[in-house]
Each structure stands twice: as structure tokens, then as C-alpha cells.
Amino acid sequence: MENQKKPPENTASGKNTVNPNAMKWLMKFAGGRKGQFGLSVFCALIGVAASLIPYFIIADIVKNLIDGNKAADFYWNKCLLIGLFWILRYVFHSISTTLSHHATFNVLADIRKALLAKIASLPLGTVSAGTVFRIL
Amino acid sequence: MQEQSSGSYKNTICERVDSIETTLAHIVPEFTSNICGAIVIFIYMLTVDWRVTLWSLIAVVLGFAAFAVMMSSMPKWFPQTVVKSKILNDTAVEYINGIEVIKAFGQSKTSYGKFVKAAQEGADCFIDWMRSQNFWQNFGMASFPATLLGMLPAGVHFMMNGSLTQADMILLIILSFGVMTPLIIAFGYTDDISMISIIMGEVADIMDKEDLKRPEKSKGLPADNSIELSDVHFAYKEKEILHGVNMQIKPGTINALVGPSGSGKSTIAKLIASLWDVNSGSIRIGNTDLRDISLSDMGKYIAYVSQENYLFNLSVMDNIRIGNSSATDEEVMNAAKQCGCHDFIMQLENGYQTICGGAGGHLSGGERQRIAIARAMLKNAPIVILDEATSYTDPESEAVIQSALSRLIQGKTVLMIAHRLSTVSDCDCIYVIQDGNVAAAGTHEELLRDCMLYKNMWNAHISVKDNEEVPA
């Protein structure tokens, strides 16, 4: 991805380069919820398909208009069909978003669990401030 | 070893991670599906008429180029805004936390000036970023969807020479809008992807840190309760604090580390407690290297009591039980009695079931200290490390704490660090630590005789003590 480019040199004080392993870790965490994300992407694909089909229908309508087809029923049916796909698009979009939110909250939970577990296994000096870890 | 404050860990784990939820949830399905949708339409367009379709790409190429320029400068600007915002936050926090000092010493002008400067730099950073992107942003936005730019002239040309039908041309024009909509949606997420990568970078910073290396299962267990340090070097960040410390602590003895502040005595205690690892040399307990003992086994051997003891937001009973989670209520109370906690706990509103609150807000420093000692008592580890365990307590509770400690350390191998030399003068062996080395070791009498530094410290201690005892 674009943002995987080499981190730039520091320009201001402090640490301002992105850790090059960022995406590796994201993939690792998101990979744990592959199934949920997969289903979400599948629904999103149906949603996008439903959003694109009307373009073909419109093209068909325009073609018929040019050819001089004057049957009103034909056009009404096409319009109805477009409306139907328009609804389908939003239905699948919502399903996909819901699934994806569900998966994402799980990923965030996984990230947090991993971070907390990691902190517990770090040398105490790395977590500096006094009150967080007082080991008996 | 890069140090981060516990505040910044909390910030990453709670707020920063949270902030990527919306974006991440939308990106995964929408980015993929929209890109796929665009590709499918594009392929279909190619089958209708590949020549016109390719011509339509001129605009897309221009748009991509503009976005690529913007993306490439993103890693340069965004982290800067993060840094500048952080400086602004820190300055504001400092100003507010230090307001008393600022007012008392008439520093409001300079401190306020510092804040204004930070705010200005923060704003400038964003403005400069926006300004540098302005042209490319507009150029990209304008050219990206302009598929007709290449398509119309080409289409008209092919229609004129008869190689393209009117119907196909209309289909292509309409589909070209269809191909752009999902692409525009998809590329709307590029900023967000950068943001996610920065936040995941913070996560990666933590995940990539080096662990305290301990085996899952101990490779060996201590044969007895002796502690042996041989040629221990330890550096905190770049600065070496311990320069080859050698110590031999016999099982069942009471030992003390004394020395000027900053001499490294507390570091030695923390290394033995396995809170850090040595850089070179080794620490052995009962002839087994610490690094061969799993953390859970390690916990059974060492109890570490420090000056600050955190009480969890649990009942007093459960807070003491942290020392040994399988202890019965009776055992907990027994430990509390031995540490002089029982009486004050019974006076709390709900006795042992009183919730201590965050850092033990209800209880005084001395009471918290005694609870911590009760924890250690309940744990019943054969080695006890007392890291300035009595230094902050008020004189009244000190006597109680001393007697609690003396019960805690009965029959144990003890290593204590104390300010007050009188509390360590009975020890079996006292180690005088100076500048990260053991300067001398021996009993109180031996050291008074042989060690100049100890003698000076003792004399200073005695004179302070005399002053304390003079009635006011």
C-alpha cells in the first residue's frame, strides 16, 4: 500500500516516523477475524454489484429511447428494477457494515489484549511510571 | 530500551486504538468491494470497446499522479502534526499543573508565551500542510472523474469512421460514470489508511519491544535460598549504572544495601526481583540463573516490598489475597494480624470487605504499607526484598511496621535497602554500594572500622537522629 513507503527522515524533535511493521501487525490482528471480515466483504461486493447494475439498465433505457421504443411499460419496469437494486445496495451495504463493525471491535479487543499481555512480559523499566505496575 | 510513560501506554491502548474503529470497519469491506466493482466495470468496458476505454484512462492517470504526490508527502506531514499536537498538549498540561508556581513567581507571561508559541506552531503545521497540498488536491479532484476528457474525442472519431456504434458509445459513457463512483469512494479512504498505519505503528512499537526473556517452564529450580551476583553489569538506556557487582548472600541471613542515593542499590534489588535483566554477568538464586526460572516460579521465591505499594480497587481482603490467591479468609486475616493491620481494618466501615479505591485512597501511607507487608507475609516466599519499605512512613506507624517486618522476615533470606542506618545495623551483612560497585561489605562493626564511607554515613545519620530527638 502507498503508506508502506520508507519512513521519512525526522524533521522535528521527537519520534515521528511510522513503525515499518505497522501493517504487518494490523494484518496479523485482522487475520484473526478473517471469517467475519470475509463475510462482510462478500456482502459489500453484492452491495457494489447492486449499485452498478442500474448503470447497465440506464444504458439499456437510453438505447431503447434512441431506437424509438415507445412502450411506457418497458420503461416503468426498468425504473422499478433500478429502484429494487437501489434498495438491495443499501441493504447489503448495511449488513456488510454491521458485520465489519462487529469484526473490528473484536480486532480492537484482540489488539488491546495483546498489548496488555505484552506489557506484562516487558521488563519493568520499559513501563516507567510508578503506579501502574507494582509487583509484589 | 525506549522508555514510555504509563500515560502514553494507556493512551495507545485506550484512546488511540479506539480511534481507528470506524475507519477500519468501513475500509475493509468498502475499499475492497469498490475497487473490485470498478475493475469489473472496467473489464466489461474493455469488452465493449477497448480503444475508447483506454482513452478514458487519460484522466484517471492524471488523477492518480496528483494523489500519488499527496500520498507521498503524507508521511512527512502527518507525524509532524502529531508531534506538534503533542507538544501543544504537554505545554497546556504543564501550564495548568504548574499554575500555582507560575502565579506565585509571576511567571505567567513567559509560560503563557510558551503556550502561545506551541499553539501557533501547531496551527502553522496544519496550515502549511494544507497549503502544500492545495494544488494537487484540486487538480486530482478535478481530473480524476473527467473520463470524458479522453473518451469523447476518441469515441467521436471511431464513430465517424464507423468502427463504433452509437449504442455502444452511449453504454460506454454511462458506464464511465459507473466506474468512477466506486473509485472515488475507495480513494476517499486513503487519508484514513495513513492514519491507521500511524496508530498501528504505535501498537507495533509496543509489540516489537524486547521481552524480559524467561522460559515458560523453569530449566532448573533453586537448590537453596542463597543469592549470588557475579560481575553484574546493568545499563539503563545508555548509562551504565552497575559496573560489575559481586555479592554472595547466604541463605537465611539478613542483608542490607546502603549507599548514597543514585549509587545503584535499588537497581540491584530490582534486578534480583527479576523486574529487569542484567546486561552481562549473572544473578543466581540457589545456584540457578534467574534467566532459567519461569516468571511464575520466580514469584514463589521472591517477595518484593517497595515504598509505594499499589492497592487495587478491590476489598482489603482481596488486596491482601493478591499475595496468594488460594489463601482462605482466615489465612488472610492471620497475615493481617501479624502485620498489625487487623485493628485498623476492623475499624473501616465494612471491615475486610471495604473497597480500597484506586490507589488505596481511604488508607494512610503507613496502613497501605502494612497491607503490602501482609501480602508478602501471605505469599510466604523464602526470599524477601525490602526496597526502602519504611522510608515514607510516619514515626508512629514505623514502630508497627518494623515489628510487622521483623515477623515477615523470620527465617527468610532478606535483602533490605534503607535510609536509616539504625534499622540495618543488626544485619548479618551490610553491603556499601558506591557508584555502581560494592565498596565494602561486612557487619556494622567491621564497616565502622574499615570503611570510611560507611563511617561518614553513620556519623551523619547519628547526628540527624540526635537532632530529631531534641524536643522542639
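The values are calculated or read from the model by the stated rules, or taken from the named source; none is laboratory data. Please read these numbers as outputs of a predicted model, since none were measured by experiment. Heads up, the Cβs are rebuilt from the backbone with ideal geometry, glycines too, and the neighbour counts pull from every protein chain shown.
Kindly provide the set of residues from region B:425-442 that are within 30 Å of B:Arg375 (Cα to Cα) and surrounded by fewer than 19 Cβ atoms within 10 Å (Cβ to Cβ), ordered by number.
Going through region B:425-442, the residues within 30 Å of B:Arg375 (Cα to Cα) turn out to be B:425-433.
Correct list: B:Ser425, B:Asp426, B:Asp428.
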Evaluate region B:205-216: report whether one residue or more is surrounded by fewer than 21 Cβ atoms within 10 Å (Cβ to Cβ), in contact with a Phe, Trp or Tyr (Cβ under 8 Å, 6 or more places away or on another chain) and farther than 30 Å from B:Phe78 by Cβ.
yes
Just name the residue that is modelled with the lowest pLDDT out of those in region B:404-451 that are under 26 Å from B:Tyr301 (Cβ atoms) and of a type in the set (Asp, Glu).
B:Asp426
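Hey, which of the helices (runs of 4 or more DSSP H) in region B:136-248, taking only ones fully inside, have at least 2 residues that are within 31 Å of the chain's Cα centre (by Cα) and acidic (Asp, Glu)?
Values: elements: B:148-160, B:166-187, B:190-207.
Passing ranges, in order: B:190-207.
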Has region B:92-109 got any residue that is modelled with pLDDT under 80, closer than 30 Å to B:Met160 by Cβ and of a type outside the set (Gly, Ala, Ser)?
no
Criterion violated by B:Gly188 - all others in (1) surrounded by fewer than 18 Cβ atoms within 10 Å (Cβ to Cβ); (2) at pLDDT below 80; (3) closer than 23 Å to B:Val52 by Cβ satisfied:
(3)
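Being in contact with a strand residue (DSSP E or B) (Cβ under 9 Å, 6 or more places away or on another chain), within 14 Å of chain A (Cβ to nearest Cβ) and under 14 Å from B:Ala404 (Cα atoms) is the requirement here; does B:Ile383 meet it? I'd like the intermediate steps shown before the answer.
Values: in contact with a strand residue (DSSP E or B) (Cβ under 9 Å, 6 or more places away or on another chain): yes; within 14 Å of chain A (Cβ to nearest Cβ): yes; under 14 Å from B:Ala404 (Cα atoms): no.
Answer is no for this residue.
Restricting attention to helices (runs of 4 or more DSSP H) lying wholly within region B:1-114, give those where 2 or more residues are without any contact (Cβ under 8 Å) to a residue 12 or more places away in the chain, charged (D, E, K, R) and within 11 Å of chain A (Cβ to nearest Cβ). Step through it out loud before you land on a result.
Working: elements: B:6-11, B:21-48, B:50-55, B:57-97, B:99-104.
Hits in region B:1-114: B:57-97.
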What number of residues within region A:45-74 are more than 7 Å from chain B (Cβ to nearest Cβ), of a type outside the set (A, V, I, L, M, F, W, C) and closer than 14 Å to A:Tyr90 by Cα?
2
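Against the condition touching a helix residue (DSSP H, G or I) at 6+ places or on another chain (Cβ under 7 Å) and free of Cβ contacts under 8 Å to residues at least 12 places away in the same chain, how does A:Leu108 come out, does it pass? Before you say what the answer is, go through the steps one by one.
On the way: touching a helix residue (DSSP H, G or I) at 6+ places or on another chain (Cβ under 7 Å): yes; free of Cβ contacts under 8 Å to residues at least 12 places away in the same chain: yes.
Yes, satisfied.
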